[in-house]
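Shown next, in structure tokens, is the structure this report addresses.
The values are calculated or read from the model by the stated rules, or taken from the named source; none is laboratory data. Please read these numbers as outputs of a predicted model, since none were measured by experiment. Cβ: placed from backbone, ideal geometry, glycine included. Neighbour counts: every protein chain shown. The area values use the complete protein model at the heavy-atom level, side chains included, leaving out ligands, DNA and RNA. Shrake-Rupley method; radii C 1.70, N 1.55, O 1.52, S 1.80 Å.
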Amino acid sequence: GYNIASHLQRSFKRPVFVDNDANLGALAELWWGAGSSARDLAYLKVATGIGAGIIIDGRIFRGSGGIAGEIGHTSIDPSGPQCICGLKGCLTTFIGTPALLARAKDKLRASGSNRLPPASIDDLVNAALDGDLMSVELIHYAGDKLGVGIANMLNLLNPKMVVLGGGIARAGDLVLATVHKTIRSLSLPASISV
């Protein structure tokens, strides 16, 4: 119930705007980052949930109701798990942080391992970068599911560039190679240049 934007605007005597993290990530990439040469781009933040900030012709695209970019709530498997949003098979139910960490825990339990499951995405990514096979497999799994979501977005919106952010992005080529492979298999050739 506290309007932090108004408080900061009064304190600093400068305009202050508040937005969601994916939209602000997209603007940051457009203004200062990988997207500085693009007028149309999407920034995907993969974290607890998955959100996209979409830039069309240099401006944030919000959609008619202001919720454009909720790629985490696009269904990639209509018979998949129930999502907190009420839908089934949302991308978030497969590769959001809780889903990936639960999958790691299940894999360890099924293997009979005594080792502790990763407590965070950073732990999972670090283990994968250190060559842990189960962690690498989970990063590839995440890349494949993420590739499905991105391929759908590419076919629908055809942004010039997609920038990946969030903790899983630190996995670099471990995740990107699988993302690219899946995108190539599911996107129209004219909508990609990866």
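With everything on Cα atoms, drop me the angle between helix 21-32 and the longest principal axis of the chain, reported from 0 to 90° to the nearest 10.
Helix 21-32 sits roughly 70 degrees off the main axis of the chain.
Based on the alpha carbons, how large is the Rg to Rh ratio for segment 97-194 when Rh follows Kirkwood?
Using only Cα positions, Rg/Rh for segment 97-194 is 1.04.
Specify the residue with the greatest mean-square fluctuation among A128, A110, A38, computed from a Gaussian network of the chain linking alpha-carbon atoms under 10 Å apart.
A110
If I take R0 = 45 Å and measure r between the Cβ atoms of S37 and A102 in this structure, what FRET efficiency does the formula 1/(1 + (r/R0)^6) give, to the nearest 0.05?
For S37 and A102, the calculated efficiency is 0.70.
For the chain, which longest stretch is free of loop sites, where a loop site is one of the trypsin sites (Lys or Arg not before Pro) that DSSP puts outside H, G, I, E and B and that has at most 12 other Cβ atoms within 10 Å?
14-114
Can you say what percent of the DSSP beta bridges in the chain, counting only those with both residues inside, are antiparallel? Round to 5.
Taking every DSSP beta bridge with both residues in the chain, the antiparallel ones total about 65 percent.
With labels modelled as points extended 7 Å from the Cα through the Cβ direction, what inter-label distance (nm, one decimal) is found for S79 paired with V18?
Spacing of the two 7 Å Cα→Cβ label points: 4.4 nm.
Which residue, I84, I56, I95, tops the fluctuation ranking in a GNM of the chain built on C-alpha contacts under 10 Å?
In the Gaussian network model the winner is I84.
Going by alpha carbons, how many degrees (0 to 90, nearest 10) lie between the helix axis of 173-186 and the longest principal axis of the chain?
80 degrees
With a Cα-only, solvent-free Debye model of segment 27-109, what are the log10 I(q)/I(0) values at q = 0.15 Å⁻¹?
The calculated log intensity ratios at q = 0.15 Å⁻¹ are -0.64.
With every protein chain kept in place and ligands, DNA and RNA left out, what is the accessible area per residue of the chain? Probe 1.4 Å, answer in Å².
56 Å²
How much solvent-accessible surface does T92 expose, in Å² to the nearest 10, with a 1.4 Å probe and all protein chains in place?
For T92, the solvent-accessible surface is approximately 30 Å².
Output the 0 to 90 degree angle, nearest 10, between the alpha-carbon long axis of helix 97-111 and the longest principal axis computed from the alpha carbons of the chain.
Tilt of helix 97-111: around 0 degrees.
If you take the charge dipole of the chain about its Cα centre, with +1 on Lys and Arg Cβ and -1 on Asp and Glu Cβ, which of G63, H7, N158 is farthest toward its positive end?
Projecting each Cα onto the dipole axis, the largest value belongs to H7.
From the Cα gyration tensor of segment 98-142, with a ≥ b ≥ c the square roots of its eigenvalues, which class applies: rounded if a/c is under 1.5, or else prolate if a/b is larger than b/c, or else oblate?
rounded
What Kirkwood Rh does segment 140-183 have if only Cα atoms enter the pairwise 1/r average? Answer in Å.
10.4 Å
Do the sum for the chain: with -39,500 (n - 2.57) for every DSSP H run of n ≥ 4, divided by all residues, what is the mean residue ellipticity at 222 nm, to the nearest 500 deg cm²/dmol?
-14500 deg cm²/dmol
To the nearest 20 debye, what is the magnitude of the charge dipole of the chain about its Cα centre, counting +1 on the Cβ of each Lys and Arg and -1 on the Cβ of each Asp and Glu?
360 debye
Taking +1 at the Cβ of each Lys and Arg and -1 at the Cβ of each Asp and Glu, which of I121, P78, A22 sits farthest along the dipole of the chain towards its positive end, judged by Cα position relative to the Cα centre?
About the Cα centre, the residue reaching furthest to the positive side is A22.
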